[in-house]
1. What ranking, highest mean first, results for peptides B:190-198, A:175-183 when packing means the other Cβ atoms within 10 Å averaged over each residue?
2. Give, to the nearest whole percent, the P(r) tail of segment B:509-559 beyond 16 angstrom, counting all Cα pairs.
3. How many percent of the alpha carbon pairs in chain A exceed a separation of 37 Å?
4. Under unit Cβ charges (Lys, Arg +1; Asp, Glu -1), what dipole magnitude, rounded to 20 debye, does segment B:530-640 have relative to its Cα centre?
5. Peptides A:57-70, A:254-267: what's the order by average Cβ count within 10 Å, highest mean first?
6. For segment B:468-570, with the dipole built from +1 on Lys and Arg beta-carbon atoms and -1 on Asp and Glu ones, taken about the Cα centre, which of B:Thr504, B:Ala556, B:Gly517 lies farthest toward the positive end?
7. Any idea what log10 I(q)/I(0) is at q = 0.11, 0.18, 0.22 Å⁻¹ for segment B:160-266, Debye with uniform C-alpha scatterers and no solvent?
8. Run the dipole for segment A:178-293 about the Cα centre, Lys and Arg Cβ at +1, Asp and Glu Cβ at -1, nothing else charged, and hand back the magnitude in debye, nearest 20.
Amino acid sequence: MTTAPVLEGRNLTKYFWVKQGRGLLARKSPVHAVDNVSVSLDARKVTAFVGESGAGKTTVARILAEITKPDKGTVLLDGKPVQAGRPRSYAKQVQMVFQDPFASLNPVHRVRHDLERPLKIHHLVNGNTDKAVDDLLERVALKPPRQFADKFPHELSGGQRQRVAIARALAVKPRVLIADEPVSMLDVSIRLGVLNLLADLRDREKLAILYITHDIASARYLADTIVVMYAGQLVEAAPSVELTDRPAHPYTQLLLSAAPDPDRAQPPVLAGIGAPPSLLAPPTGCRFHPRCPHVMEVCRHKAPPSIAVSPDHIAACWLHVDPAERQASENGVLATGPLEPEKSKR
Amino acid sequence: MTIDSTTLTQVPVTLERARVLRIPRSPKVIAGLVILGVFSVVAIIGRWITPYSPNATDTQNWVQHVLVPGTGGDSGFPASYYPLPLGPSAAHWLGTTVFAQDAWSQLLASTQATMFVGLLAAAIATVLSIIFGVTAGYIGGATDEGLSLVANVSLAIPGLPLLIVLADYVPSAGSSLVLVAAIIAVTTWAYTARTLRAQTLSLRNRDFVEASRVSGEGPLRIIGVEILPNLIPIVAASFLFTSLTAIYAYVAISFLGLAGSPTGSPPGLWNWGEMLREGFANNAVRGGWWWWWAPPGICVALLGTGLALVNFGIDEFINPRLRTSGLTARAARKAGAHVSTTLGLTPVMRGAATVPNTTPSTADAVLEIRGLSVDYGYGDQAVHAVRDCDLVLRRGRVLGLAGESGSGKTTLALAAIRLLRAPAVITEGQVLFHSKPFTRDNPKETIDMLAAGPHRLREIRWSEIAVVLQSSLNALNPVTTIGAQFDDLLRAHRPRMSRDERYTRGVELLDMVGMNGDRLRSYPHELSGGMRQRAMIAMALALEPQVMVLDEPTTALDVVTQREILEELMGLRDRLGFAALFITHDLSLLVEFADDIAVMYAGRLMERAPANSLFRAPRLPYTHGLLHCFPPMHGKRVPMAGIPGSPPDLRDLPSGCAFHPRCKWALDQCKHDVPVLGSIPGPNREVACWLHRNGATPPAELSLAEPGDVMRERLSQVNIQ
Ligand SMILES: Nc1ncnc2c1ncn2[C@@H]1O[C@H](COP(=O)(O)OP(=O)(O)OP(=O)(O)O)[C@@H](O)[C@H]1O
Ligand SMILES: Nc1ncnc2c1ncn2[C@@H]1O[C@H](COP(=O)(O)OP(=O)(O)O)[C@@H](O)[C@H]1O
Ligand code: SF4
Ligand code: SF4
Ligand SMILES: [Mg+2]
Ligand SMILES: [Mg+2]
């Protein structure tokens, strides 16, 4: 538990500026895509980010992969801030797998090309590239590798393509793998195969994996820790079984009650119906307050602090703040700014 | 945002390698290539095979014709003698010009200059457009704005007039092929550059480009190796287009006499425009000397046609929908399908609709599908997307249709209501709609959906059978308000309603799907995805249909919205009594919301059972596998295996049971014989699997006890009329 995280994002914030209105009246306003999110990835652990579409999961992933520059916050690799401009040394440590396996492989190139390039760019092979390509394909269970190396993407099924994409990410022997919804575009029957592959890579190659998904059941299956995002912010983080069995944040509770679950005896009661807010003008205080069944006065104007509900289990919700303190904070006596959830966790 | 449904109209925007490299075999393209080939050969060797020099005067055969006899007088100069061109003869295949020059030789010699200008201009324009377009698109930002400005300025330069002025001002300009080509290129490259920029812009953010950036690839290689190959079709198309433009422009300035005469000074080059000019200047048309002016004209037209035909072929590559629609009408006729051009009317193969037995198989059947087979394409190229499917939708019940992507769920449902377009074709089967409208003014009757004409189908669709598609998130008209769209719909189908009644009905409908009546004033873009989908459902319900076809109605939405909408829909079903065919790949969702479930695999229905029976006691190995693909939300975490292998390719189906390569209980028989759906013990259960036939003993996993009376009876409240 004391090992330092491999990759860490601290207080990441990203606004996208979009045009509002038409013609001369158009002005730019910010979409608060990610607000003050901190995350850390450990070797040999899968951390899952769960949240609905638009919650900011992809944006966090892209910031961590240094594709997008954050407005605020820093990305640290082994505790050292990463230089801007995505140096090659960074590419060698942190790799990403994209959501759509049909878009992430260039249709005009053979699988071999996709796997050779990273090897060549980082001078990882001298001489026998074919052998290295075969090894990679075997690592992602595409056997016999010879048969797959010379195929074009359109000759592969979705699951096979996603395996090729993972193999490409593994080519540089990274220490961190960021997987943005790697199975959501795949058929149900082949999803588990890819999830099991990720679990296997975590165990065998000690990868630190960030698994992004909107499917909380698959996060529970694969991940060691689940982090729940809502409207650009972290709302809860806990070990995966703990989080799904004892959700502490009202939004997590809503998410769990809405997830399809054939084992359920009766239809669930949805507490907090409605849709996520517009990120152009997110609600003040707790962003979930317009939907929250437990909303209190303080929630409307003050962002809740991150509270350790139990060791390793953090929730950003006023419900878990001691009533006296809550009262005090409401009166403006005690300024409890949002803590960094990941920090207080460790 | 789970599985991306292979919506029937979706085509990948990038090209597959195979398509880039394979030469199209359409007759149009071949004709175009032949024309271009012939002209190219002539352009290269034309100079050497001319029987005469194009400038040489054939004085021997020069016939002098007295136009105005007697006016010569005693001047001693035959002023009134006018030279007469010769018609085609053995010596001069295309006759001669008024100057006794051989027209055939001129034609041959002209090809080179004309084509050279075309190719050179196209080459310059292409290089310019790639450099500017791709750079602007890839780098973006200020560079993009700067380069776009340059492009727009050069678009504003009128090409032909500039050329005319320039050629007039500097006589040598017109006769320099390179200069002419350069001017044409400079004034046309920007069109292509704009397209390339837009394409690059979209490719730049494609995952595969981002992926190579993440792997540490530098920008030059990304542009050259990842992006450019995907632009080849556009580049090729615009190359052809620019050549065509350049050829026309060159012919035009020559025709105006600005490209220099081959016999003048400085000497111009022979080209078709020059031939035309001389012909017209010397009364070739009035004189009826067609052999002089017609051949160059035809050549210009032919070369243009050739380029256009090849360009058309490239367009078909870029846009595969053109390809299918163009080719299939003929193929369909050959195959004996009656293809109606009416939009959204699935063709039916002649002889498919035999005289139907129209008695409902159960009293409460509303939509009955019997032995339906649907192909995409005809003859050898046909993909058998749906084969021999039987399905009965019962009044007031929800029938779930589950299966992997590509298993044929959408095809089955949409073909049954004849909503698929060619190349889809119904090859076999019957579809009966036993109509008992909720609105009193329409009669009870049974409609044979495969025999019904377009008019009849239009009447039924929407008012009796409504469809909500996954892509209906975009199906609302973006330029009018939700209210106006409700209003149009009601006005068309309920002409007797007054404006106020229509408005009240609109508010009522929105209220039904949990939306505020104010939203009638909203434009679709002002609504969230969930609200748009609700509005679509409200519209589908507007005319009180008896059947709702829901094709992945909530797949694009988040789980909370999904559950809200589905619960509302089920509540409405209880209240209004419509039957629903609910398609989704998410079996766990169906188990909660459907009364009965049918499971499809590779175009066939494989198992049918009440939802709870199917979930508690699956009989089909595939269903069993699917149910074990959803990690549970409770209890200890245990490793799960999913189903090995991947879904089959419909073009190349395994023999026998299509599932056998992935089935852990496959018998020998499964490799050879196709199992058909047949009853097995249990409430309304059917399965297509050899494990449940001929006294075979199914494994314990597939012979669990029926759940019995725990089955939910949602139906009790629904009153069946
Ligand atoms: N226009 C078309 N031309 C040729 N084949 C087609 C066409 N449209 C669909 N197909 C093929 O028909 C088969 C069935 O497609 P269909 O859309 O019915 O699948 P589905 O079960 O609805 O899948 P999904 O869950 O992805 O929506 C697929 O193999 C598909 O590739
Ligand atoms: N390039 C962009 N420009 C403008 N808005 C964006 C851009 N990328 C993402 N957003 C917005 O940021 C929010 C978070 O998006 P994203 O990180 O993609 O969420 P998720 O991956 O959880 O679905 C959304 O509201 C989205 O519309
Ligand atoms: S902080 Fe308040 S509004 Fe937000 S989730 Fe907790 S109780 Fe609900
Ligand atoms: S018929 Fe045979 S291969 Fe097909 S599902 Fe049944 S046991 Fe498996
Ligand atoms: Mg995303
Ligand atoms: Mg579909």
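The values are calculated or read from the model by the stated rules, or taken from the named source; none is laboratory data. From a predicted model like this one, the values you see are computed outputs, not experimental measurements. Because the Cβ atoms are built from the backbone with ideal geometry, glycine has one as well, and the counts that use them run over all protein chains shown. For accessibility, only protein heavy atoms count, side chains too; no ligands or nucleic acids. Shrake-Rupley method; radii C 1.70, N 1.55, O 1.52, S 1.80 Å.
1. Descending packing order for the listed peptides: A:175-183, B:190-198.
2. In whole percent, the long-distance tail amounts to 42.
3. 23
4. Roughly 380 debye for segment B:530-640.
5. A:57-70, A:254-267
6. Comparing the listed Cα positions along the dipole, B:Thr504 ranks first.
7. -0.51, -0.83, -1.06
8. It works out to roughly 300 debye.
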